[in-house]
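Novice: Here it is, the structure in full.
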Amino acid sequence: MENIIEVPAEQKQDKGFTLVELLIVIVILGILATVTVFAVRGITDQGQASACSADQKTLETAVEAWYAQNGTTADPTEAGLVTDGFLRSQSTTFNIGAGGTVTAETVDAPTATPPTSNACA
């Protein structure tokens, strides 16, 4: 007398994921990762545009404050604005031209070592 209980074949199968199910999950994760990367890239571009706009407005405000304090007999320079306390440091993306106009800094002609690009131009 043996005490063997036979298990039906339907209950003997391992309960796990098939290869197709695993591949579908991997594809879905890949799609989600791609969407996330492109969404972050858009946010970074918006941040750069906002930083450029803020830098330009800061320079324009500093120039106006300089003219209010010193009159219009001479044009301000970035170094002068820093010395007089209107700016903390000179801008790497904008220049102050004649008449106090704020313009994007231009990138020079290509050289052996390319300069850092101006993201605000």
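Novice: Does D45 count as within 15 Å of R88 (Cβ to Cβ) and either at pLDDT 90 or above or out of contact with any helix residue (DSSP H, G or I) (no Cβ under 6 Å at 6 or more places or on another chain) (or both)?
Specialist: When the stated conditions are applied, D45 does not pass them.
One line per residue, one yes/no per condition, for (1) surrounded by 11 or more Cβ atoms within 10 Å (Cβ to Cβ); (2) in contact with a strand residue (DSSP E or B) (Cβ under 8 Å, 6 or more places away or on another chain):
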{"site": "L29", "(1), (2)": "no, no"}
{"site": "A33", "(1), (2)": "no, no"}
{"site": "R41", "(1), (2)": "no, no"}
{"site": "G47", "(1), (2)": "no, no"}
{"site": "A51", "(1), (2)": "yes, no"}
{"site": "Y67", "(1), (2)": "yes, no"}
{"site": "A79", "(1), (2)": "yes, no"}
{"site": "L87", "(1), (2)": "yes, no"}
{"site": "G97", "(1), (2)": "no, yes"}
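The values are calculated or read from the model by the stated rules, or taken from the named source; none is laboratory data. Everything quoted here is computed from the prediction, not taken from an experiment. Note that we place each Cβ from the backbone using ideal geometry, even for glycine, and neighbour counts take in every protein chain shown.
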